[in-house]
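Engineer: Starting off with a structure, shown below.
The values are calculated or read from the model by the stated rules, or taken from the named source; none is laboratory data. These numbers come from a predicted model, not from an experiment. Using ideal geometry, Cβ is built from the backbone for each residue, glycine included, and neighbour counts are taken over all protein chains shown.
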Amino acid sequence: MFDTKTVSLEWGGKTLTLETGRIARQADGAVLATYGETVVLCAVTAAKSVKEGQDFFPLTVHYQEKFSSAGRIPGGFFKRERGATEKETLTSRLIDRPIRPLFPEGFYNEINVICQVLSYDGETEADVLSMIAASAALTISGVPFMGPISGCRVGMIDGEYVLNPKQDTALADGTLDLVVAGTHDAVMMVESEAKELTEEDMLGAVMFAHEANQQVVKLIIELAEQAAKEPWQIDQSDDKAAMKEELRGIVGDDIAAAYKLTDKSARANALNEARAKAKAHYAEADGQTQMTAGKLVKKLEAEIVRGAILKDGQRIDGRKLDQVRPIESMVGFLPRTHGSALFTRGETQAICTTTLGTKDAEQMIDGLDGLTYSNFMLHYNFPPYSVGEVGRFGAPGRREIGHGKLAWRALHPVLPSREDFPYTIRILSDITESNGSSSMATICGGCLSMMDAGVPIERPVSGIAMGLILEGDEFAVLSDILGDEDHLGDMDFKVAGTEAGITTMQMDIKVAGITQEIMGKALEQAKAGRAHILGEMQKALGTARTELSAHAPRIETMQIDKAKIREVIGTGGKVIREIVAETGAKVDIDDEGLIKISSSDVAQIEAAKKWIQGIVEEAEVGKIYDGKVVNIVDFGAFVNFMGGKDGLVHVSEMKNERVEKPTDVVTEGQEVKVKVLEIDQRGKVRLSMRVVDQETGEELEDSRPPREPRADRGDKPRGDRRGPRSGGGGRGGDRGPRRDREGGGNGGGGEDHMPAFLKDD
């Protein structure tokens, strides 16, 4: 019934299997990819015709993780997969970026690429496998795809490259998490996070990945030889050479003059006038001719810009190929934020703020690996006014999420550990102007805002975007590209890092791949650019501030014995709730006994800390403590000290003189200073106020004769120890005052109401 075709390969220590013909047979191309026990289904469908007037390529890639693949039920109210998560969005972009340039120019049929994770083994990442499945499905579908491509992940552990490590352990166990996609001949896409690696290490990792990808490309070709459908017949129209030359005569000089204007707005206005002039020339022509004319004008623009760069080294704004635009940095300009920075590079500008929070502010992520929490977030916004346009303003799109994640990867490797800096960190980047590389402005501004907030990062991070103009064997690498150089060029290569090395690298190209020589040149030129930008940033702030903002919460940590956790929490959380309510500080405790106390008021933190210390520490005989009277009884007062301990100050230990009633000396809620006299075997504590100066807390000399040790009194008959009763002795005689009969002391109340350790007195 099924005409199934299967190919397999031992790759990175596991078997990679590609199968087609069994599932999703009505799609133009469908491949079931298995690697380890992770299984991804990718189905490709393409429209057979183009919508009238359409002049762009509508490729859409969807990546979806099924919770059932990991044996989990989705969280939330609806209990089903809903809108794309951040990871699904980023993976969709990861698949889209290397395949989009491999469709022929002028192919405008709509294509859907849908990748679904059907099984996940917890070890084999599904993102790279989805990229392979998408490439294979496109290759066998018959659509004009100039692939195949392959993708792989590379880690670096103990100086050695490792193929396809698990994503969340690539950096935990090593220093690199790199994803590379490419054809058999060239690299198409790079995405990475690294712990300050050198340019040589990064280039070596890319080449290592490229060699590994070639094996999978051959496997996909083997599958296509067995199962590929007939290729689509694409209409090959002439290149409109005559029309192009006509347009060159009409608007060529105008376009060349426009690209000599260094101001972006002036240049855009001049270009719009040239385009309007060309459109007016063909105003009487049919719609198809007008659309063709518009495309040819764009080609003419590209030729003029690219030719000037390759032949004369002349960039749009007059800079040299390796020159960075003027930079101005400013920190601390927003008074109520925890940290803020305004970073401006040429006509690109970002307002970045850093906000510090407690553990409750961590981001909860519900994914195939279960619930995880992130204490570092970076959010990027790109409003339409940043490019002088009217457009949609609302929830972030795929581009915003991707740019934010790139900046996140750049800054994440230099963050302090949670133990050293137990805060949740959120960076917000709002782009207020854009003319190229706003994501790199986010990295620079975000780094400065963290330093302004007092986050003790290891070293400052800067980022730069590199471009490429490639014509045959000639090429030019551009530093700090403009928006037009990005649109009209062949590469967008972004590199960020510290003075010690690279923390992230991302590359997207629009041609069929670049060589090792070009990438090496771009890395070296980027290194010099990053160093220059770091120098400019240091003019605003060289190192992180040593003090947090007055508006930021303070967090202090303390470690207690795990056996004491129950005492701090109390029955049903009673104790910890009382600490929070009384002190105003927020208290979090984990299973290992690590306590985080947070508040914007240092006094509240100290009060909570002291309270907890009182619970977990043991009282010492002879030591003086601050306490509070919590209960008054006939024979004395109970005093709470060390936060969580109570002891009795007997009425005889309140003063060196006779005290008639405890209420003559103390009141409930009164702050007192007490000395621990005795702790019995049951933990009962006997305290004294009379031997402590209540003003200074200093110990006073005890004027009373020392008590007879209990051990020396223990062999005496009880009657001998007690002595004669006041006023007589026998039941029939004069018994004396009632209080003497019922307590033998000033408070009365009888032995049945006294603490155990006082019953022998």
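Engineer: Looking only at strands (runs of 3 or more DSSP E) that fall completely inside the stretch 140-198, which ones have 1 or more residues that are among the β-branched types (Val, Ile, Thr), out of contact with any strand residue (DSSP E or B) (no Cβ under 8 Å at 6 or more places or on another chain) and over 25 Å from Ala46 (Cβ atoms)?
Structural biologist: Details: elements: 150-157, 160-163, 176-182, 187-194.
The qualifying strands (runs of 3 or more DSSP E) are 150-157.
Engineer: Could you identify the single residue in Leu261, Leu223 that is closer than 27 Å to Asp312 by Cα and among the aliphatic types (A, V, I, L, M)? First the steps, then the outcome.
Structural biologist: Details: Leu223 fails: closer than 27 Å to Asp312 by Cα.
Of Leu261, Leu223, the one residue that is closer than 27 Å to Asp312 by Cα and among the aliphatic types (A, V, I, L, M) is Leu261.
Residue-wise test of (1) among the acidic types (Asp, Glu); (2) in contact (Cβ under 8 Å) with a residue 24 or more places away in the chain; (3) over 22 Å from Thr515 (Cα atoms).
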position: Ile73; (1), (2), (3): no, no, yes
position: Glu81; (1), (2), (3): yes, no, yes
position: Arg93; (1), (2), (3): no, yes, yes
position: Glu123; (1), (2), (3): yes, yes, yes
position: Phe145; (1), (2), (3): no, yes, no
position: Gly155; (1), (2), (3): no, no, no
position: Pro165; (1), (2), (3): no, no, yes
position: Asp168; (1), (2), (3): yes, yes, yes
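Engineer: Evaluate the following for Thr355: is it in contact with a Leu (Cβ under 9 Å, 6 or more places away or on another chain) and either surrounded by fewer than 16 Cβ atoms within 10 Å (Cβ to Cβ) or among the β-branched types (Val, Ile, Thr) (or both)? Before you say what the answer is, go through the steps one by one.
Structural biologist: Values: in contact with a Leu (Cβ under 9 Å, 6 or more places away or on another chain): yes; either surrounded by fewer than 16 Cβ atoms within 10 Å (Cβ to Cβ) or among the β-branched types (Val, Ile, Thr) (or both): yes.
For Thr355, the condition - in contact with a Leu (Cβ under 9 Å, 6 or more places away or on another chain) and either surrounded by fewer than 16 Cβ atoms within 10 Å (Cβ to Cβ) or among the β-branched types (Val, Ile, Thr) (or both) - is met.
Engineer: Would you mind finding the one in Glu517, Glu499 that is acidic (Asp, Glu) and in contact (Cβ under 8 Å) with a residue 12 or more places away in the chain? Steps first, please.
Structural biologist: Numbers: Glu517 fails: in contact (Cβ under 8 Å) with a residue 12 or more places away in the chain.
Glu499 is the lone residue from the list that is acidic (Asp, Glu) and in contact (Cβ under 8 Å) with a residue 12 or more places away in the chain.
Engineer: Mind listing whichever residues of the stretch 162-175 are over 17 Å from the mean Cα position of the chain (by Cα) and either aliphatic (A, V, I, L, M) or farther than 23 Å from Leu411 by Cα (or both)?
Structural biologist: Selection gives Val162, Leu163, Asn164.
Engineer: Turning to a different aspect of this structure: May I ask you to list the residues in the stretch 650-678 that are within 20 Å of Lys610 (Cβ to Cβ) and in a strand (DSSP E or B)? Spell out how you get there, then give the answer.
Structural biologist: Filtering the stretch 650-678 for residues within 20 Å of Lys610 (Cβ to Cβ) gives 669-676.
Listed by number, the residues that qualify are Glu671, Val672, Lys673, Val674, Lys675, Val676.
Engineer: Only strands (runs of 3 or more DSSP E) wholly contained in the stretch 347-424 count here; list those with 1 or more residues that are of a type in the set (A, V, I, L, M, F, W, C), modelled with pLDDT of 95 or more and touching a helix residue (DSSP H, G or I) at 6+ places or on another chain (Cβ under 9 Å).
Structural biologist: Working: elements: 348-357, 363-367, 370-374, 376-381.
Passing ranges, in order: 348-357, 376-381.
Engineer: Among the small types (Gly, Ala, Ser), within 19 Å of Arg345 (Cα to Cα) and in contact with a Leu (Cβ under 8 Å, 6 or more places away or on another chain): does that describe Ala453? Quick ask: steps written out before the conclusion?
Structural biologist: Working: among the small types (Gly, Ala, Ser): yes; within 19 Å of Arg345 (Cα to Cα): no; in contact with a Leu (Cβ under 8 Å, 6 or more places away or on another chain): yes.
No, not satisfied.
Engineer: Can you pull out the residues in the stretch 656-672 that are in contact (Cβ under 8 Å) with a residue 40 or more places away in the chain and more than 13 Å from Ala637 (Cβ to Cβ)? Outline the logic, then answer.
Structural biologist: Applying the first criterion (in contact (Cβ under 8 Å) with a residue 40 or more places away in the chain) to the stretch 656-672 yields 656, 658-662, 669-672.
Asn656, Arg658, Glu660 - these are the residues of the stretch 656-672 that are in contact (Cβ under 8 Å) with a residue 40 or more places away in the chain and more than 13 Å from Ala637 (Cβ to Cβ).
Engineer: Condition first: within 42 Å of the chain's Cα centre (by Cα) and surrounded by 15 or more Cβ atoms within 10 Å (Cβ to Cβ). Now tell me which residues in the stretch 263-294 satisfy that.
Structural biologist: Restricting attention to the stretch 263-294, the residues satisfying the condition of being within 42 Å of the chain's Cα centre (by Cα) are 263-269, 271-272.
Those that are within 42 Å of the chain's Cα centre (by Cα) and surrounded by 15 or more Cβ atoms within 10 Å (Cβ to Cβ): Lys264, Arg267, Ala268, Leu271.
Each row is one residue, and each column tells you yes or no for (1) at pLDDT below 90; (2) under 25 Å from Gly402 (Cβ atoms).
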residue	(1), (2)
Leu197	no, yes
Ala205	no, yes
Val216	no, yes
Leu223	no, no
Ala228	no, no
Gln233	yes, no
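Engineer: Just one of Ser135, Ser69, Ser92 is at pLDDT 95 or above, more than 22 Å from Glu191 (Cα to Cα) and assigned to a helix (DSSP H, G or I); which is it? Quick ask: steps written out before the conclusion?
Structural biologist: Details: Ser135 fails: more than 22 Å from Glu191 (Cα to Cα); Ser92 fails: more than 22 Å from Glu191 (Cα to Cα).
None of the others qualify; the one that does is Ser69.
Engineer: Which residues, taken from the stretch 269-290, are assigned to a helix (DSSP H, G or I) and either without any contact (Cβ under 8 Å) to a residue 24 or more places away in the chain or farther than 25 Å from Gly307 by Cβ (or both)? First the steps, then the outcome.
Structural biologist: Residues of the stretch 269-290 assigned to a helix (DSSP H, G or I): 269-281, 287-290.
Asn269, Ala270, Asn272, Glu273, Ala274, Ala276, Lys279, Ala280, Gly287, Gln288, Thr289, Gln290 - these are the residues of the stretch 269-290 that are assigned to a helix (DSSP H, G or I) and either without any contact (Cβ under 8 Å) to a residue 24 or more places away in the chain or farther than 25 Å from Gly307 by Cβ (or both).
Engineer: Please specify each residue of the stretch 639-665 satisfying the condition of being modelled with pLDDT of 90 or more, touching a strand residue (DSSP E or B) at 6+ places or on another chain (Cβ under 7 Å) and surrounded by 19 or more Cβ atoms within 10 Å (Cβ to Cβ).
Structural biologist: Val639, Gly647, Leu648, Val649, His650, Val651, Glu653, Pro662
Engineer: May I ask you to say which residue of Val7, Val44, Val39, Val31 is surrounded by 18 or more Cβ atoms within 10 Å (Cβ to Cβ), β-branched (Val, Ile, Thr), in contact with a Cys (Cβ under 7 Å, 6 or more places away or on another chain) and not in a helix (DSSP H, G or I)? Before you say what the answer is, go through the steps one by one.
Structural biologist: Numbers: Val7 fails: in contact with a Cys (Cβ under 7 Å, 6 or more places away or on another chain); Val44 fails: in contact with a Cys (Cβ under 7 Å, 6 or more places away or on another chain); Val39 fails: in contact with a Cys (Cβ under 7 Å, 6 or more places away or on another chain).
Only one candidate qualifies: Val31.
Engineer: Follow-up question, since we're still on this one. Exactly one condition in (1) under 30 Å from Tyr423 (Cα atoms); (2) assigned to a strand (DSSP E or B); (3) out of contact with any helix residue (DSSP H, G or I) (no Cβ under 6 Å at 6 or more places or on another chain) is false for Gln613; which is it?
Structural biologist: Single failed check for Gln613: (2).
Engineer: Has the stretch 456-476 got any residue that is within 17 Å of the chain's Cα centre (by Cα) and farther than 21 Å from Met202 by Cα?
Structural biologist: Yes.
Engineer: Being within 20 Å of Gly483 (Cβ to Cβ) and of a type in the set (A, V, I, L, M) narrows it down to one of Ala341, Ala361, Ala407, Ala395, so name that one. Please lay out each step first, then the result.
Structural biologist: Details: Ala341 fails: within 20 Å of Gly483 (Cβ to Cβ); Ala361 fails: within 20 Å of Gly483 (Cβ to Cβ); Ala395 fails: within 20 Å of Gly483 (Cβ to Cβ).
The unique qualifying residue is Ala407.
Engineer: Within the stretch 323-336, is even one residue under 18 Å from the mean Cα position of the chain (by Cα), over 16 Å from Ile427 (Cβ atoms), of a type outside the set (Phe, Trp, Tyr) and not in a loop (DSSP other than H, G, I, E, B)? Quick ask: steps written out before the conclusion?
Structural biologist: The first filter runs over the stretch 323-336 and keeps only residues under 18 Å from the mean Cα position of the chain (by Cα), leaving none.
No, the stretch 323-336 has no match at all.
Engineer: Looking at (1) surrounded by 24 or more Cβ atoms within 10 Å (Cβ to Cβ); (2) out of contact with any Gly (no Cβ under 8 Å at 6 or more places or on another chain), which one does Thr504 not meet, given that it meets all the others?
Structural biologist: All conditions pass for Thr504, except number (2).
Engineer: Applying the selection to the stretch 566-581, what residues are surrounded by 13 or more Cβ atoms within 10 Å (Cβ to Cβ) and part of a helix (DSSP H, G or I)? Talk me through it step by step, then tell me what you get.
Structural biologist: Just the residues of the stretch 566-581 that are surrounded by 13 or more Cβ atoms within 10 Å (Cβ to Cβ), to begin with: 567-570, 575-580.
Within the stretch 566-581, Glu567, Val568, Ile569, Val575, Ile576, Arg577, Glu578, Ile579, Val580 qualify.
Engineer: Here's another thing I want to ask about it. Are any of the residues in the stretch 209-230 outside any helix (DSSP H, G or I), touching a residue at least 24 places away in the same chain (Cβ under 8 Å), under 30 Å from Ala30 (Cβ atoms) and among the β-branched types (Val, Ile, Thr)?
Structural biologist: Quick first cut of the stretch 209-230, residues outside any helix (DSSP H, G or I) only: 228-230.
Keeping just the survivors that are touching a residue at least 24 places away in the same chain (Cβ under 8 Å) gives 228-230.
Keeping just the survivors that are under 30 Å from Ala30 (Cβ atoms) gives 228-230.
From the residues that got through so far, the ones that are among the β-branched types (Val, Ile, Thr) too are none.
No, the stretch 209-230 has no match at all.
Engineer: Same structure, new question: Limited to the stretch 281-305, what total is found for residues that are small (Gly, Ala, Ser) and either in the same structural domain as Glu105 (by TED's automatic domain parsing) or closer than 15 Å to Gly249 by Cβ (or both)? Lay out the reasoning, then the answer.
Structural biologist: We begin by selecting, within the stretch 281-305, every residue small (Gly, Ala, Ser); these are 283, 285, 287, 293-294, 302.
Among the residues that remain, those that are also either in the same structural domain as Glu105 (by TED's automatic domain parsing) or closer than 15 Å to Gly249 by Cβ (or both) are: 293.
Summing the residues that are small (Gly, Ala, Ser) and either in the same structural domain as Glu105 (by TED's automatic domain parsing) or closer than 15 Å to Gly249 by Cβ (or both) in the stretch 281-305 gives 1.
Engineer: From the list Thr442, Thr424, Thr432, exactly one residue is of a type in the set (Val, Ile, Thr), over 26 Å from Glu536 (Cα atoms), touching a residue at least 60 places away in the same chain (Cβ under 8 Å) and buried (at least 16 other Cβ atoms within 10 Å of the Cβ). Which is it?
Structural biologist: Numbers: Thr442 fails: over 26 Å from Glu536 (Cα atoms); Thr432 fails: over 26 Å from Glu536 (Cα atoms).
Selected residue: Thr424, the only one of Thr442, Thr424, Thr432 that is of a type in the set (Val, Ile, Thr), over 26 Å from Glu536 (Cα atoms), touching a residue at least 60 places away in the same chain (Cβ under 8 Å) and buried (at least 16 other Cβ atoms within 10 Å of the Cβ).
Engineer: Here's something else I'd like to know. Let me confirm something: among Leu368, Leu310, which residue is closer than 30 Å to Arg418 by Cβ and either hydrophobic (A, V, I, L, M, F, W, C) or within 40 Å of the chain's Cα centre (by Cα) (or both)?
Structural biologist: Leu368
Engineer: Next question, about the same structure. Only residues that are more than 15 Å from Arg554 (Cα to Cα) and surrounded by 17 or more Cβ atoms within 10 Å (Cβ to Cβ): list them for the stretch 595-618, please.
Structural biologist: From the stretch 595-618, those more than 15 Å from Arg554 (Cα to Cα) are 610-618; that's our starting set.
If the condition is that a residue be more than 15 Å from Arg554 (Cα to Cα) and surrounded by 17 or more Cβ atoms within 10 Å (Cβ to Cβ), then Trp611, Ile612, Gly614, Ile615, Val616 are the ones that fit.
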